Every structure is written in C-alpha cells, then in structure tokens.
C-alpha cells in the first residue's frame, strides 16, 4: 500500500472513530462529510482500499441510526482494530477487520441486511458520479467502484448537471474566434 493512501485511510479511520465515540445527533452529518472527503482521495489516488473505506463510511452514514448498541460497540472496536493493524503494517489483519466491519453492518439489522446491497450499490453509483464530476472518464469512475459503464451512464444521464460560468460574453468570444481564423 502506498504511504499516501495509508495516511488517508488512517485519517478516515481516526475521524470515523472520533465521530462514533459518543452517539450524537450530528454523527450522520459528520459521516456524510467524511464520506465526501474520502471520494476526493479516491479521485486523486484511484486506489481500491480507499474505495472500500469510502463505501464503508458511506454505509455507516446511511444506517448508523438503526444499529443496536451492541453492534455499534462492535463496529467501533472493529474500526479501532483496523486502524491499529494498518498502523502496524499488518495488512492481512487490517483486511480481515474491514471485511468484519462490512459483515457487522450487514448483519446488524434484518431490514439493513435486506437493503445493504442496495445501499452499497447506491453508494458506489453516487461516489462514481462524483468522480466523474471531478474529471475522470465514465470508464475510470465506474471501474474504480466496480461498476459497469452502463450503471454509471444511466445515473449520470439523469443526475449530472453541467455548470459553467463564463466571464467573457458570447459575442466577444465569437469575435475573437473569427479573428483567429481570419474571417473578421
């Protein structure tokens, strides 16, 4: 694992642990913001481990209110263990911790278990769309999240908006173009 990627994952894990130390109303908002921060890292580094952490945090954001106290504590312990194992460069144990965390999220509630697949797919699609908005191609954005181009195209075709603030009026741009081509 690259050192820059490791540093970002450790930051995300530490911040998630900090957010979850005490159950509070603003946990959901903070997890959402952290998930959005994570997608910036994915866009920069294009690393599958960052994708996993970002999807994990996004999944927590979506379901944290419905997790039992017991599973909440287990998730917090799992995050701490993952952080410690990554700090010690024990990638095998770190990967096991991440897998266990996904399983805990999935098994924490019967309703969650039914809908987690949809939540994970939605997370992947939403984060892929953000990567696409940040300038990656549809193929790159979809590939990083394990989606097909078609999955992302159908979403971005409905959800993506193009914003463009032009400082130079259209008339002046046309005149400049005509001068460049020697027509004006």
Considering only residues that are more than 15 Å from residue 145 (Cβ to Cβ) and touching a residue at least 12 places away in the same chain (Cβ under 8 Å), which ones fall in the stretch 31-62?
31, 32, 34, 37, 60, 61, 62
If I filter the stretch 15-30 down to residues being in contact with a helix residue (DSSP H, G or I) (Cβ under 6 Å, 6 or more places away or on another chain) and modelled with pLDDT of 90 or more, which single residue comes out as farthest from residue 91 (Cα to Cα)?
30
Residues that are surrounded by fewer than 19 Cβ atoms within 10 Å (Cβ to Cβ) and out of contact with any helix residue (DSSP H, G or I) (no Cβ under 8 Å at 6 or more places or on another chain): does the stretch 49-68 have at least one?
yes
How many residues of the stretch 79-89 are surrounded by 14 or more Cβ atoms within 10 Å (Cβ to Cβ) and more than 19 Å from the chain's Cα centre (by Cα)? The answer is 5
Residue match in the stretch 168-181 (condition: over 27 Å from residue 81 (Cα atoms) and modelled with pLDDT under 75)
no
Checking residue 89 against (1) closer than 15 Å to residue 8 by Cβ; (2) at pLDDT 90 or above, only one condition comes out false. Which one?
(1)
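Kindly indicate whether any position in the stretch 97-108 is out of contact with any helix residue (DSSP H, G or I) (no Cβ under 7 Å at 6 or more places or on another chain), exposed (fewer than 15 other Cβ atoms within 10 Å of the Cβ) and either under 24 Å from residue 40 (Cα atoms) or modelled with pLDDT under 90 (or both). Step through it out loud before you land on a result.
Step one: filter the stretch 97-108 for residues out of contact with any helix residue (DSSP H, G or I) (no Cβ under 7 Å at 6 or more places or on another chain), giving 99, 103.
Okay, now just the ones that are also exposed (fewer than 15 other Cβ atoms within 10 Å of the Cβ), so 99, 103.
Now narrow it down to the ones that are either under 24 Å from residue 40 (Cα atoms) or modelled with pLDDT under 90 (or both): 99, 103.
Yes, the stretch 97-108 contains a residue that is out of contact with any helix residue (DSSP H, G or I) (no Cβ under 7 Å at 6 or more places or on another chain), exposed (fewer than 15 other Cβ atoms within 10 Å of the Cβ) and either under 24 Å from residue 40 (Cα atoms) or modelled with pLDDT under 90 (or both).
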Which of the helices (runs of 4 or more DSSP H) contained wholly in the stretch 3-104 include at least 3 residues that are over 23 Å from residue 128 (Cα atoms)?
3-20, 69-87
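The values are calculated or read from the model by the stated rules, or taken from the named source; none is laboratory data. Not measured: the values here are computed from a predicted model. Quick reminder, even Gly has a Cβ in these numbers, built from the backbone with ideal geometry, and neighbours come from all protein chains shown.
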